[in-house]
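Okay, so here's the structure we're looking at.
The values are calculated or read from the model by the stated rules, or taken from the named source; none is laboratory data. A quick note: this is a predicted structure, and the numbers were derived from the prediction, not measured. Note: ideal-geometry Cβ built from the backbone for every residue, glycine included; neighbour counts use all protein chains shown.
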């Protein structure tokens, strides 16, 4: 199995249309199979008014397909504290960072996702 229980993930749910909500999930794998994982974590949505992502602090579980090409899944390093992660958005660039040693550029094909 490619992903295992305890892996830390950032999941970008790719937009199908320009006006679709930009959604992400940051969390840890609770259960895994060959085709899907259950991720316990926090969701993030883009706030166009403030031009930034808002991380929703309520923990929730979400089934994430490993076969859906609309999901871009990044395995985060084991030493990253998920609670420290936050977004930094500037024109043409969106970063997810812990403010210490880890930064992930999460733009998809030149578009903010």
Candidates 3, 9, 96, 40, filtered to the one that is surrounded by 12 or more Cβ atoms within 10 Å (Cβ to Cβ), modelled with pLDDT of 90 or more, in a loop (DSSP other than H, G, I, E, B) and out of contact with any helix residue (DSSP H, G or I) (no Cβ under 9 Å at 6 or more places or on another chain): 3
Index of the failed condition, residue 112 passing every other in (1) touching a strand residue (DSSP E or B) at 6+ places or on another chain (Cβ under 8 Å); (2) surrounded by 11 or more Cβ atoms within 10 Å (Cβ to Cβ); (3) modelled with pLDDT of 85 or more: (3)
Filtered residue count, region 58-84, keeping only those that are surrounded by 14 or more Cβ atoms within 10 Å (Cβ to Cβ), modelled with pLDDT under 95 and in a loop (DSSP other than H, G, I, E, B): 1
Which numbered condition residue 55 misses (of (1) under 16 Å from residue 7 (Cβ atoms); (2) surrounded by 13 or more Cβ atoms within 10 Å (Cβ to Cβ); (3) in contact (Cβ under 8 Å) with a residue 24 or more places away in the chain; (4) out of contact with any helix residue (DSSP H, G or I) (no Cβ under 8 Å at 6 or more places or on another chain)): (1)
Enumeration of residues in region 43-52 that are in a strand (DSSP E or B) and free of Cβ contacts under 8 Å to residues at least 12 places away in the same chain: 47
